[in-house]
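Beneath this line is the structure, given in structure tokens, with notes to follow.
The values are calculated or read from the model by the stated rules, or taken from the named source; none is laboratory data. In this text the structure is predicted, and so the values were computed from the model without any measurement. Positions of Cβ are backbone-derived with ideal geometry, glycine not excepted, and every protein chain shown enters the neighbour counts.
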Amino acid sequence: MIEPRKGTGQPTIADVAELAGVSRAIASRALSSEPRPVSADKRERVLQAARKLGYKPNLLARSLTTKTVNLVAVVVNHIHDLSDLDLFDHLISEIQSIGKQVIFVRVGSSQGIEEFLRNGIAYHVDAALVFSDFADAASVRKMFRNDSVLMLNGMRDDAAPAIIPDELAGIATAVADAAEKGVRTALLVTGRAASAVEQARVGHYRSELQRSGIALIGELRGDYSYESGRRIAASPEWKSADAVFCTSDAMAMGVLDVHREAILKIGPKAFLLYGFDDVTLAEYEAYPISSIGYDKTAYIKEILRFLTNTKAFRSGGTLVQIPTYFVSRESSRSK
């Protein structure tokens with residue numbers, strides 16, 4: 001272990017070991033974030049001594065010993081979607097619970113990736129989690145000079161595993177709900193066409209609407225944001241349909257605010273409204289939007305499984321799918 005210079009007043013691992021009455025090796029094992037053999041009695045003595053002395057581990061020294069830095073890169077387009085906020089707060093907390101910290105790398109375009117590579121910027125990280133739909137696995141491996149890359153954007157290759165929600169089940173249930181309520185025509189408000197996840201999502205909506213005998217009379221493109229949903233709903237492109245399906249809850253909220261009376265009034269309604277993401281805000285009275293979601297706890301559990309055993313997870317370009325569900329709320333109440 002590398003210790004602080006004498007005279008700094010900072011307690012060292014040797015100080016902790018002496019106070020606990022154990023060897024430095026045992027003190028180091030007891031304070032490690034990794035599961036290492038040490039008796040419960042000695043571990044407790046070491047932890048008490050560390051607390052009493054105010055000891056903080058030397059993370060640089062630990063990284064030199066373990067060849068890890070306990071740092072995880074999260075590659076995103078940006079963080080402003082409501083679904084991002086719901087997910088990342090929970091994700092950061094769980095990553096920290098296994099002794100790692102997070103850095104966010106924002107690449108808002110394919111040029112952002114190219115600039116990153118061109119400038120030779122590299123962070124030493126244990127793994128990278130890729131949410132950005134502008135980043136392919138090979139580029140991210142180059143970005144971080146690391147093969148431990150997990151794709152969460154619907155893309156993967158033979159070396160990179162992926163985790164994605166299995167969206168077909170939730171979409172099929174939502175469309176079936178609309179069909180049971182007599183919907184015959186639908187409008188689809190979509191997000192970024194470049195996203196592999198969005199392309200698959202839109203394909204599922206098209207096939208399920210056709211299967212249910214619902215005519216898709218138009219597709220209007222937004223960018224997943226509230227502002228784009230509001231703009232689309234107030235635009236001349238807007239068409240009259242029995243139901244409107246939005247590929248994000250944020251866009252559905254924008255639509256709702258333009259047509260709030262027509263959607264939420266008691267009695268015959270202008271159209272039924274469906275969102276996607278099941279964000280926390282949809283549980284409140286202001287935005288009671290029927291939505292498709294997935295178990296974020298199960299999703300994050302799979303991410304942690306990757307972070308704690310990247311080699312086994314990476315084998316064969318593993319694909320893990322998390323089931324989706326449909327939640328019916330006031331916005332799709334029957335006419």
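Checking each residue in segment 307-324 for being at pLDDT 90 or above and touching a Phe, Trp or Tyr at 6+ places or on another chain (Cβ under 7 Å) picks out Ile322, Pro323, Thr324. The one condition from (1) farther than 25 Å from Leu129 by Cβ; (2) at pLDDT 90 or above; (3) among the aliphatic types (A, V, I, L, M) that Val72 does not meet is (1). Of the set (1) closer than 24 Å to His80 by Cβ; (2) among the small types (Gly, Ala, Ser); (3) modelled with pLDDT of 90 or more; (4) surrounded by 15 or more Cβ atoms within 10 Å (Cβ to Cβ), all apply to Ala286 but (4). Among the residues of segment 134-179, those identified as of a type in the set (Ser, Thr, Tyr) and in the same structural domain as Ser83 (by TED's automatic domain parsing) are Ser139, Ser148.
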